[in-house]
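The values are calculated or read from the model by the stated rules, or taken from the named source; none is laboratory data. The structure displayed is predicted, hence computed values, not measured ones. Cβ atoms come from the backbone with ideal geometry, glycine included; neighbour counts cover every protein chain shown.
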Amino acid sequence: MSADLPTIYSKAFERWGWKCVPVIVACWIVLWPAGVVWLAVSLVALYRARDRSEQAQAERRIARMLSWYPPHWRARYGEEFSEVLRETIRSGQGGRRLTLNVARESNAAWWQSATGRRGLRAVWCWSLCWLPLVTQGLVPLIIKLSGGTARSWFLALYLPAGLQWPVIAFMLIAGLVMLAVAVRGTPALRQAG
């Protein structure tokens, strides 16, 4: 039922080389509804194959909550904390408040370690660097150089003419700095995960 797409692609590349790229792109464009149906059917099959007993659900929830903590924390406190979670869920206290408390405390545990701080900083920078770099820097730069008049939501284009170039330059520099911080912090993500 479920074929491995990377295996299919690698076999296609071995057989036809770069000539298979247009065919693959055309298939994704034309057959995307079939792909969505295939994804839905495979997700339903995964859901049906799941063990739905209360104990299995509780164990999956405990494993998910423990995965929110840094690895060094899990290695040190994981067994003890999983028992506390198990007892809390068994006693009927395992509602939304427990989930929110675990989420808050796991975030605090990540911020307590230097590796976690570097990793979280990298995640934020990877997630947000495109805003100043592309949407507030490169696109207004292209609009300004091409003589376009559309301002849309580009901050620099709403400013007086004398301030537009400095703001575009500032946005580009801010985006590049965020990208550099993200690249430097990526090894911390690998260590933390």
If the Cβ limit is 8 Å and pairs must be 6+ apart or interchain, which residue in region 53-73 that is without any contact (Cβ under 8 Å) to a residue 24 or more places away in the chain and under 30 Å from Arg117 (Cβ atoms) pairs with which residue that is surrounded by 15 or more Cβ atoms within 10 Å (Cβ to Cβ) and polar (S, T, N, Q)? Leu66/Ser82
Any residue that is out of contact with any Lys or Arg (no Cβ under 9 Å at 6 or more places or on another chain), over 26 Å from Thr7 (Cα atoms) and either of a type outside the set (A, V, I, L, M, F, W, C) or not in a helix (DSSP H, G or I) (or both) - is there at least one of those in region 40-53? yes
Tell me which residues, restricted to region 9-31, are modelled with pLDDT under 80 and under 25 Å from the mean Cα position of the chain (by Cα). Tyr9, Trp28
Output the residue which, of all residues in region 89-105 that are crowded, with 18+ Cβ neighbours inside 10 Å and out of contact with any Ser or Thr (no Cβ under 7 Å at 6 or more places or on another chain), is farthest from Gln57 (Cα to Cα). Val102
